[in-house]
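The values are calculated or read from the model by the stated rules, or taken from the named source; none is laboratory data. Because the structure is predicted, anything quoted here is derived from the model rather than measured. All Cβ positions, glycine included, derive from the backbone under ideal geometry; neighbour counts span all protein chains shown. Note: accessible area is taken over every heavy atom of the protein model, side chains too, but ligands, DNA and RNA are not part of it. Shrake-Rupley method; radii C 1.70, N 1.55, O 1.52, S 1.80 Å.
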Amino acid sequence: MSTVQVARADGIVTLTLDRPQALNALDPATLAALGDALRAVAADAAARVVVLTGAGEKAFSAGADIAAMGGMAPGDGHAFARLGHAVTAQMEALPVPVIAAVNGLALGGGLELALACDLVVASERAKLGQPEIDLGIIPGFGGTQRLVRRVGLAKARDLVYRGTPIAADEALRIGLVDRVVPPDRVRAEAQALAAELAAKAPLALRAAKRATAAAFEGDPAAGCRYEVEAFALTFATEDRAEGMAAFLAKRPPVWKGR
Ligand code: CO8
């Protein structure tokens, strides 16, 4: 039985890490299953938004599976780190936004999955951190890079050097998460946000994801040049004509994804 559950409704694909007895720790099989699910989303023209969450009340994910890592030789560790990087890169490369619904602990590789998401909704009870230092390792699924980008060098170093998790309100304050809600609201809030995005003009939403990603791919001037190209492409869509006509006619737009 897969440890990643997939549910589809109204253009929203919800992926649930499902190993609650191990706090949704990421073993190689779970990462591979997540990779398979993401490949299916990438090939699904009807998918508009992805929500990633963890089963149970306690954890989004407590990180890479320590029991699985315990027996790994350096070469296995290298392969495991590459698998984690491949999956987080897949998440960023998806044409549609990914929302993390952090329903509890997001530690180590668990936080690194959330960092590869476009937006993060967290439970008031969530705890987030990079505790790898206390295992004698460092973040290995892209955390050192994405965390620095998200919260800045000093705050990222504080989390990585000390390994001490922070509470949701502190995570909100430093920009590590985007919204904090009561525990029983986290999944509903993520679904509502997903529904809001799923109702947007699909091609414009995809262009917005690609163009904002370009901000980190080269120098700012190259990012701005990319924005001009992506912006111009939206002008070639029927949805652009519909969006502007609807505004002028004072009626809601009807998106066709063309
Ligand atoms: N891996 C495997 N099993 C885990 C993990 C984990 N990361 N976290 C929890 N579990 C298991 C526990 O072993 C326990 O299993 P069992 O019931 O069979 O004993 C079960 O989940 C419940 O956990 P606890 O009893 O420990 O629950 P507590 O509420 O007492 O504690 C904690 C919760 C504080 C979260 C505690 O479980 C903990 O410290 N977990 C480890 C957190 C951690 O260090 N995460 C980072 C892992 S390293 C990592 O993610 C690196 C990513 C990059 C790897 C690159 C590859 C080379």
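Considering ALA86, ALA100, the condition of being more than 10 Å from the ligand (Cβ to nearest atom) and under 10 Å from the mean Cα position of the chain (by Cα) is satisfied by ALA100 alone.
Once the range 124-149 is narrowed to residues that are over 20 Å from GLY104 (Cβ atoms) and under 19 Å from the mean Cα position of the chain (by Cα), the residue that is nearest to the ligand (Cβ to nearest atom) is GLY140.
For the range 109-145, a residue qualifies if it is at pLDDT below 95 and assigned to a helix (DSSP H, G or I), and the qualifying residues are GLU132, ILE133, ASP134, LEU135, GLY143, THR144, GLN145. Taking the conditions exactly as written (in the same structural domain as THR53 (by TED's automatic domain parsing) and more than 16 Å from the chain's Cα centre (by Cα)), does LEU176 satisfy them or not? So LEU176 fails the test. If only residues of the range 1-58 that are among the basic types (Lys, Arg) and within 16 Å of the ligand (Cβ to nearest atom) are counted, the one that is farthest from ALA126 (Cα to Cα) is ARG19. For GLU112, the conditions (1) of a type in the set (Asp, Glu); (2) open to solvent by 30 Å² or more (accessible area, probe 1.4 Å); (3) near the ligand (Cβ under 8 Å from one of its atoms) all hold with the exception of (2). Of the residues examined, LEU153 is not one that is within 19 Å of the chain's Cα centre (by Cα), assigned by TED's automatic domain parsing to the domain that holds VAL51, open to solvent by 60 Å² or more (accessible area, probe 1.4 Å) and more than 26 Å from LEU31 (Cβ to Cβ).
Here's the yes/no breakdown for (1) small (Gly, Ala, Ser); (2) surrounded by 24 or more Cβ atoms within 10 Å (Cβ to Cβ); (3) out of contact with any helix residue (DSSP H, G or I) (no Cβ under 9 Å at 6 or more places or on another chain):
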| residue | (1), (2), (3) |
| --- | --- |
| ALA47 | yes, no, no |
| ALA73 | yes, no, yes |
| LEU83 | no, no, no |
| ALA93 | yes, no, no |
| GLN130 | no, yes, no |
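Step by step: first the residues of the range 179-236, then only those that are among the polar types (S, T, N, Q) and within 17 Å of the chain's Cα centre (by Cα), then the one that is least open to solvent (accessible area, probe 1.4 Å). Which residue is that? Only one residue fits best here, namely GLN191. Restricting attention to the range 12-32, the residues being in contact with a strand residue (DSSP E or B) (Cβ under 8 Å, 6 or more places away or on another chain), more than 15 Å from ARG187 (Cβ to Cβ) and open to solvent by less than 20 Å² (accessible area, probe 1.4 Å) number 3.
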